[in-house]
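Read the structure below first, then the notes.
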Amino acid sequence: MSLALIAEGFCGRRPERILPAACPLRERYDVIIIGGGGHGLATAYYLAKDHGIRNVAVLEKGYLGGGNTGRNTAIVRSNYLTAEGVAFYAESVSLFQSLSNELDFNIMYSERGHLTLAHTDAAIRTARWRAEVNKHLGVRSELIDPPEIARLCPQLNLSSKARYPILGALYHPPGAIARHDAVAWGYAAAAARLGVELHPETEVTGVVKQGNRAIGVETNRGTVHAGAILQAVAGSSSRVAAMLDLRLPIRTIPLQACVSQPLKPFLDPIIVSGSLHIYVSQSTRGELVMGGATDPYPLYSSRSTLEFKEGLMSHMLELFPFLAGVKVMRQWAGLADMTPDFSPVMGLTPVENYFIDAGWGTWGFKATPVCGKRLAETIATGKPPSLIAPFALDRFADFVQIGERGAASVGH
Ligand code: FAD
Ligand code: PYC
């Protein structure tokens with residue numbers, strides 16, 4: 001430890017505030033964003049920065065970033081299956097790569113490479129399919145064989161005697177992890193510097209309408225009017241949409257995750273196994289960040305279960321037998337809003353001036369920057385740009401779904 005650091009500890013100076021202190025709610029804003037997760041905060045930032053719309057309030061019922069943004073396993077990638085999905089997530093990866101500089105906030109972006117293991121012929125076929133779609137759209141992904149997997153991750157159990165031997169993998173070099181809280185704080189701080197108001201502990205309890213037009217929200221701190229409203233509430237999408245009698249094609253299912261005690265760094269790439277229902281990366285602190293399938297039933301609860309942990313650990317040991325004896329340190333859960341096609345819902349709704357960002361299931365952290373940027377554009381211009389137009393709510397009525405189930409890292 002340097003002397004300067006020790007001296008700093010004794011000088012009694014308080015750290016600078018990252019976020020501004022609380023302020024009263026105004027009677028009206030140009031834009032109200034319901035939900036202070038990464039998506040809501042990013043949208044507020046791009047509204048102010050790209051479109052000069054600064055009279056914006058983000059209303060968050062708890063604390064900023066305390067929802068799924070602070071609960072995810074922070075994996076960023078664009079190795080999707082459909083052309084619409086690949087193009088959309090590729091823009092997000094590109095925005096993530098320069099986000100620390102853009103926000104002047106270190107989001108600890110760490111490019112690790114992403115391996116989706118294939119244990120069956122069907123999984124090899126899907127991996128090849130994804131690799132071809134990715135390459136066609138300029139995204140680096142390829143199908144690799146076990147010797148190449150061993151070179152990238154020598155610690156993996158590649159024995160042919162394993163219960164599910166590894167036959168190959170989809171390798172996606174740009175796959176990365178980031179510090180999820182820092183993404184929320186970085187967007188919040190940058191938005192606040194541009195004049196956006198951030199209101200934690202402000203719960204939206206109703207939406208005020210005039211005919212078919214949304215004109216404001218009711219909150220636990222009173223009624224506030226707005227020129228436009230965006231709902232970006234992840235696991236609460238159906239409940240908030242119900243305030244306008246809007247039905248969404250969404251089921252809400254808990255998704256759990258956990259971390260191990262810190263270990264000496266040994267795992268560089270992110271590893272996903274669909275057959276074993278497990279994914280794992282090693283954080284910069286040395287903890288193994290692990291998750292698996294969603295819970296087996298819809299539920300509004302973020303409790304953790306022993307059943308999940310036991311299943312996950314037994315599968316971890318099939319991939320990394322030498323980890324027997326390592327302890328799990330923390331376990332938690334978030335609420336995944338699952339759509340039938342495993343793709344999000346973004347853009348206009350049947351209610352005028354009411355925009356939606358929902359259906360982020362188990363895959364929305366990686367979309368935080370692109371979602372914010374393109375929804376800000378949608379609100380500013382009144383028209384969804386071509387990158388997000390395919391993800392409109394009315395695709396379910398028109399039967400033009402964007403099937404991404406085969407590219408979800410999480411089992412279902
Ligand atoms: P949130 O961060 O949940 O923000 C929504 C906010 O709305 C919340 O803070 C909530 O309090 C607030 N809110 C709700 N109702 C109201 C109301 N009435 N009034 C005011 N505020 C309200 N995605 C990936 O891409 N990669 C991953 O590795 C990954 N891993 C995951 C692991 C787990 C365990 C979980 C649960 C999810 C994971 N995800 C992952 C998905 C990802 O976390 C989410 O899709 C993403 O965080 C959604 O961001 P958001 O800003 O929309 O939601
Ligand atoms: O979408 O890559 C992902 C993911 C990994 C874990 C949860 N979601």
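A compact table of results
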read-out	value
Per-q log10 I(q)/I(0), the chain, q = 0.09, 0.14 Å⁻¹ (Debye; single scatterer per alpha-carbon; no solvent)	-0.55, -1.26
Nearest-0.05 FRET efficiency for residue 3 and residue 218, computed from C-beta distance (R0 60 Å)	0.60
Among beta bridges that DSSP assigns inside the chain, antiparallel share in %, nearest 5	70
Mean Cβ count within 10 Å, highest first, over the residues of peptides 110-119, 294-303	110-119, 294-303
14 Å beta-carbon shell around residue 68, net charge (K/R +1, D/E -1)	-1
Dipole-positive endmost among 235, 256, 194 within the range 189-319 (Cβ charges, Cα centre)	194
Inter-part distance where the range 263-339 and the range 387-410 are each reduced to a Cα centre, Å	27
Dipole moment magnitude, nearest 20 debye, the range 22-166 about Cα centre, only Lys, Arg, Asp, Glu C-beta charged	420
Stretchable slack from residue 297 to residue 30, in nm (0.36 nm times residue separation minus alpha-carbon distance)	92.2 nm
Cβ crowding within 10 Å averaged over residues, with 325-331, 49-55, 26-32 ranked highest first	26-32, 49-55, 325-331
Relative contact order for the range 2-60, counting Cα pairs under 8 Å that sit 6 or more residues apart, in percent	35
By accessible area with a 1.4 Å probe, ligands and nucleic acids excluded, highest first: order of 332, 360, 185, 129	129, 185, 332, 360
Accessible-area ranking of 158, 198, largest first, probe 1.4 Å	158, 198
Solvent-accessible heavy-atom area per residue, rounded to whole Å², over the range 5-145 at 1.4 Å	49
Set 327/366; 49/309; 264/366; 61/366; 135/161; 61/264 screened for pairs whose C-alpha atoms are more than 31 Å apart	49/309; 135/161; 61/264
Listed residues 57, 101, 83: farthest to the positive end of the dipole of the range 48-111 (Cβ charges)	57
Order of exposure, largest accessible area first, which applies to 386, 273, 314 with probe 1.4 Å	386, 314, 273
Relative contact order (%) - the chain, alpha-carbon pairs under 8 angstrom, separation at least six	23
Heavy-atom accessible surface of the chain: percent carbon and sulfur, 1.4 Å	53
The range 178-254: trypsin sites (Lys or Arg not before Pro) falling in loop per DSSP and having at most 15 other Cβ within 10 Å	221, 247
About the Cα centre, charge dipole magnitude for the chain (Lys/Arg +1, Asp/Glu -1 at Cβ), debye	480
The range 1-142: relative contact order in percent, alpha carbon pairs under 8 Å with at least 6 residues between	17
Residue-averaged [θ]222 nm for the chain, counting only DSSP H segments that reach four residues, each worth -39500 (n - 2.57)	-8500 deg cm²/dmol
Proximal charge balance of residue 143 [Cβ under 14 Å; K/R count +1, D/E count -1]	0
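The values are calculated or read from the model by the stated rules, or taken from the named source; none is laboratory data. The structure displayed is predicted, hence computed values, not measured ones. Cβ coordinates were reconstructed from backbone atoms using ideal geometry, including for glycine residues, and neighbour counts include every protein chain displayed. Accessible surface is based on the protein model in full, side chains and every heavy atom, while ligands, DNA and RNA are left aside. Shrake-Rupley method; radii C 1.70, N 1.55, O 1.52, S 1.80 Å.
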